[in-house]
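Novice: One structure, pasted below without further comment.
Every number in this text was worked out from the coordinates using simple rules, so none of it is lab data. The structure presented is a predicted model; accordingly, all values stated were derived computationally and were not measured. Heads up, the Cβs are rebuilt from the backbone with ideal geometry, glycines too, and the neighbour counts pull from every protein chain shown.
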Amino acid sequence: MTLKIANRLSKLRRRLAERQIEAILISQPENRHYLSGFDGSAGFLLITPEKRVLATDFRYTE
């Protein structure tokens, strides 16, 4: 994870905590890329206070 992405996640997590939101599910490709660096066309990004989970289909398996 790059420093820019880490800073973006920290800022988002602070805002979620201020609003007492437990998690956020990101589906928009531009937002997913902004917060994870993943540039695939399909997937979801779940962000909680402790974790970041990227769910994609089989095309992106390493």
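Novice: Can you find, within the stretch 15-42, the residue that is farthest from the chain's Cα centre (by Cα) among those that are polar (S, T, N, Q) and part of a helix (DSSP H, G or I)?
Specialist: Asn31
Novice: Further question: List pairs: first in the stretch 43-55 and without any contact (Cβ under 8 Å) to a residue 60 or more places away in the chain and part of a loop (DSSP other than H, G, I, E, B), second surrounded by 13 or more Cβ atoms within 10 Å (Cβ to Cβ) and hydroxyl-bearing (Ser, Thr, Tyr), Cβ under 6 Å, 6+ apart or cross-chain?
Specialist: Between residues of the stretch 43-55 that are without any contact (Cβ under 8 Å) to a residue 60 or more places away in the chain and part of a loop (DSSP other than H, G, I, E, B) and residues that are surrounded by 13 or more Cβ atoms within 10 Å (Cβ to Cβ) and hydroxyl-bearing (Ser, Thr, Tyr), the close pairs are Gly43/Thr56.
Novice: Can I ask one more? Enumerate the pairs (first residue in the stretch 26-37 and farther than 17 Å from Leu16 by Cβ and free of Cβ contacts under 8 Å to residues at least 24 places away in the same chain; second residue anywhere and part of a loop (DSSP other than H, G, I, E, B) and not hydrophobic (A, V, I, L, M, F, W, C)) with beta-carbon separation below 9 Å, excluding pairs fewer than 6 apart on the same chain, so at least 6 apart or on different chains.
Specialist: Once the first residue is farther than 17 Å from Leu16 by Cβ and free of Cβ contacts under 8 Å to residues at least 24 places away in the same chain and sits in the stretch 26-37, its partners that are part of a loop (DSSP other than H, G, I, E, B) and not hydrophobic (A, V, I, L, M, F, W, C) give Pro29/Asp39; Pro29/Gly40; Pro29/Ser41; Pro29/Gly43; His33/Asp39; His33/Gly40.
Novice: Let me ask something else. Is it the case that some residue within the stretch 37-55 is over 19 Å from Thr2 (Cα atoms), exposed (fewer than 13 other Cβ atoms within 10 Å of the Cβ) and in contact with a helix residue (DSSP H, G or I) (Cβ under 7 Å, 6 or more places away or on another chain)?
Specialist: Checked the stretch 37-55: at least one residue is over 19 Å from Thr2 (Cα atoms), exposed (fewer than 13 other Cβ atoms within 10 Å of the Cβ) and in contact with a helix residue (DSSP H, G or I) (Cβ under 7 Å, 6 or more places away or on another chain).
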